[in-house]
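Let me begin by presenting the structure, written as structure tokens, before commenting on it.
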Amino acid sequence: MKILFIHPPANTGLKIQKGLKYPPLGIAFLAAACLEKNHNVRIFDANAEKNPFPALELLIRGFRPEIAGISFTSLLSDSAHHCARFIKKISPETMIVAGGYHPSALPLDVMQNSNFDALVYGEGEVTFPELLETYQSADKNLSLIKGLVFRKNGQVIVNPARELIPNLDTLAFPAYHLLPISRYSSLVSTRFPYVTFIRSRGCPFNCIFCGVQKMFGKKYRVQSPLKTIAEIEKLVKEFKIREILFKDSDFLIDKNNVRQLCQLLIEKKFDLIWSCNGRVDSIDEKTALLMKQAGCRLITYGVESGNQEILNNLRKDFTLEQIIRAIAITKQAGIQVTINIILGCPQETKETVRQTMAFVKKLDPDYLNCAYLTAFPGSCLYDEALMNNWFIDGKPGSFAYEELRLNATKMPAKELSVLIKKATRSFYLRPAYIAKRLKHLSLAEFKNNLKGLWAIIKNY
């Protein structure tokens, strides 16, 4: 069958999100699974296109897909619904299937859009090829496919959930060859070609704002180091990749696995640097030094707040002291640091914002990501926000890190928005910070940091 997977464009107005051009690995995994079954597969990454909808129309009219799969997060939900309407107008006979984080969390809500004919929730590498096989069969009995939502006689049918994939080593190598590799970068990447890589699924932690467990469960599953190194070698040799961002929720959960991978990277001596995400209570001196030796350039930590009570409310399950220790260990190993913080949390005040920014400036990371509190479907916070009417204008259906859509504080929304914008400016526009960055920047990093700084200034 002719299959077209689509990654929708960033919603209009999300200036910083538009600067993050990451390969859509979810559909790259699905595409690989379909290629193993000998289907004719294309990927359209709208986020990597200057004029996505004219380009999408041209592709649909030329390729004429039988099935279009649109995978999206909550941040891209508005754009995904627009894509579905757009495709149906051009090609009414194309079956459109939704998938990804947002459809997995709110399947019935997504299926209210009649342009979606079916929906895959949870992991799709087994479900989607099974859907194709059944669709080609004589009886087309979709009711037996686990993890599928579909329409029958005007009714939306939700089939039982599919079991999680126990061994990630069984997954096919993502279809990077169907992606425009040369167009990917981040606001802090320094070498090209650049891609992201995901080697684990599931998260055992309890952060109230995260909905990842809705799709990948609580049990942590990770590739073997040998599987990862084989795939990295393929990226380096076939695609000439020189920088990788490991987009795992927490790269550091299985430290023994990480250390084995680092040893393999050291032995291979690839011309490669990489970065990752981690929790502050997952790093230690031995692991950090080994990561640096293996090419790690930067670690992003979800610090979230400089106030312990707010951290407790967010169920982060670590302390300010652990944050300080983790940042110190990382810097001492010669690895750069990015800190993520969330402002506007329950019990946030002007004073807690001041505490957080003072704390962050004392930690002195290389980069800071400052986001508005966002209640994603599937998270505990989403249910709490609905119950307490925290969504601005009572509308829970639109999501953005860069815009105030939710107010869980006792401050007026306008005052909170001003506070957050001032907080970001107060970090990046400090003369001491600018001088430090200029002193240590390479030429490539300088050029890309200018793009990132400009995106932040435009937005804040």
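Checking segment 212-223 against the condition returns a match, with at least one residue being free of Cβ contacts under 8 Å to residues at least 40 places away in the same chain and surrounded by fewer than 19 Cβ atoms within 10 Å (Cβ to Cβ). Within segment 115-145, can you find the residues that are polar (S, T, N, Q), within 27 Å of the chain's Cα centre (by Cα) and part of a loop (DSSP other than H, G, I, E, B)? Within segment 115-145, just Asn115 meets the criteria. Kindly evaluate Met357 against the criterion of being in contact (Cβ under 8 Å) with a residue 12 or more places away in the chain, at negative phi, in a helix (DSSP H, G or I) and of a type outside the set (Val, Ile, Thr). Yes, satisfied.
The rows are residues; the columns are (1) surrounded by fewer than 22 Cβ atoms within 10 Å (Cβ to Cβ); (2) of a type in the set (Asp, Glu); (3) under 30 Å from Leu386 (Cα atoms).
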{"site": "Tyr184", "(1), (2), (3)": "no, no, no"}
{"site": "Phe205", "(1), (2), (3)": "yes, no, yes"}
{"site": "Phe239", "(1), (2), (3)": "yes, no, no"}
{"site": "Leu261", "(1), (2), (3)": "no, no, no"}
{"site": "Lys268", "(1), (2), (3)": "yes, no, no"}
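Among the conditions (1) without any contact (Cβ under 8 Å) to a residue 60 or more places away in the chain; (2) of a type in the set (Phe, Trp, Tyr); (3) surrounded by 16 or more Cβ atoms within 10 Å (Cβ to Cβ), the only one that Phe29 does not satisfy is (1). Filter segment 340-356 down to the residues that are buried (at least 21 other Cβ atoms within 10 Å of the Cβ) and under 25 Å from the mean Cα position of the chain (by Cα) and list them by number. The answer is Ile341, Ile342, Leu343, Gly344, Cys345, Thr356. I need the full set of residues from segment 365-393 which are in contact (Cβ under 8 Å) with a residue 24 or more places away in the chain and part of a loop (DSSP other than H, G, I, E, B), in order please. Pro365, Asp366, Leu373, Thr374, Ala375, Phe376, Pro377, Gly378, Ser379 - these are the residues of segment 365-393 that are in contact (Cβ under 8 Å) with a residue 24 or more places away in the chain and part of a loop (DSSP other than H, G, I, E, B). Only residues in segment 84-104 that are of a type in the set (Lys, Arg) count as the first member; pair them with residues that are at pLDDT 95 or above and not in a loop (DSSP other than H, G, I, E, B), Cβ under 8 angstrom, at least 6 apart or cross-chain, and list the lot. Cβ pairs passing all conditions: Lys88/Ile96.
The values are calculated or read from the model by the stated rules, or taken from the named source; none is laboratory data. Remember, it's a predicted structure, so these values are computed and weren't measured experimentally. Backbone-built Cβ (ideal geometry, glycine too); neighbour counts: all protein chains shown.
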